[in-house]
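Below is one structure, written out as structure tokens, with a few remarks after it.
Please treat every number below as a calculation from the coordinates, not as lab data. Just so it is clear, the structure is predicted and the values come from calculations on it, not from any experiment. Reconstructed Cβ throughout: ideal geometry from the backbone, glycine too, with neighbour counts over all protein chains shown.
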């Protein structure tokens, strides 16, 4: 049985709990989020609309095709800064599903726009194209023991497949939205990408009023907080010299070592969680040379912008103290340190009272998904959150594990719930003509 043909067999074993729940929201399990009457009324109008009901059913009926598409995308490598091949394919798929004017922007993002009536807000929904895996990684999908294995199969190929499902469903639905919907497959979410794709989209589209990122697999939480990070390369430089003939001259690596020791002794608060790590070091010429250069890369993170700024300041002060001590110790040759910013993910938060968080919680309840928590992590939503634009991150459906490892896996259990969740949130935020008002505020008004 081929990997793609095996999808129907696996889908047929999904439990009856995967069936759509078309009941009115009981609002029991979603006590984590306060629900306003205005939000509930608009959401109920959306879910009661016959064309929305038909669209939810259509998503479930087509889920096996969505999973096959997920596997096809998985097998197109997308290493950091080398997402072009996957982007080209994703562009074709957007156009084939009704967004004929979809295009690649200057950063390499795939953008498609579904226009509304012209009097509503603008809503962005995206999934990221890139993976953490380097060029040459084998991304072939393999079925073993009821699980599908491949690097990147969940993070974030599942999100991309869910996004295409929503696009296709809306194209076939006959639903006319009040607000505009921008769909994007964005680059640069992982690691050194530093959110470059989503930063470019918001830079080039200042009219965006709200945002949902689809990232990962299991639907269990709404990410409404963004952990910020500041990443630097601390570069130590000096004259260098022969280890014997120039002995007594200050060493860039010795200064770097002093700095690492000082930084490792820093204490940070547990709440708000604030962390640091020196992940890589480099430098030196040979074992018998006084180092003329040494450098390390440091990652600093916090859920609070003030704590993040304090940590950055303390780390830099520690490095400057280390340089001064090294120079004083030898008094022969001077070491200098430069701080090169290599990553900046802003801290952000969307309050639980926001319409977008309320709608996501209502959607979980409507579809029978247990909302376990409101979460904080580092995702594409960090950027709009930091701009006070309502934004959340949700998962794409199914079950998975091993993200960022060669053993990443996926099971298509209840996976249809991902695109269904994305659809209901999107329609509630932009509104449906003659059915429901948009819950998203047009920030330009």
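Points to keep in mind about this one:
- With contacts taken as Cα pairs under 8 Å and at least 6 residues apart, the chain reaches a relative contact order of 25 percent.
- Taking the range 228-345 and dividing mean pair separation by its residue count, relative contact order in percent (alpha carbons under 8 Å, at least six apart): 46
- Enclosed volume per residue, in Å³, of the convex hull spanned by Cα atoms of the range 228-345: 83
- DSSP beta bridges fully contained in the range 109-245 are about 40 percent antiparallel.
- For the chain, DSSP calls about 70 percent of its internal beta bridges antiparallel.
- Between 0 and 90 degrees, the angle of helix 252-264 with respect to the longest Cα principal axis of the chain falls at about 50 degrees.
- The packing ranking, built from the mean of other Cβ atoms within 10 Å per residue, places the peptides 342-348, 223-229, 382-388, 154-160 in the order 154-160, 223-229, 382-388, 342-348, highest first.
- Helical runs assigned H by DSSP (4 residues or longer) give the chain a calculated mean residue ellipticity at 222 nm of -11000 deg cm²/dmol, each run adding -39500 (n - 2.57) before division by the residue total.
- Between helix 84-96 and the chain: long-axis angle, C-alpha atoms, 0 to 90°, nearest 10: 10
- Highest mean packing comes first when the peptides 106-117, 183-194 are listed by Cβ atoms within 10 Å, giving 183-194, 106-117.
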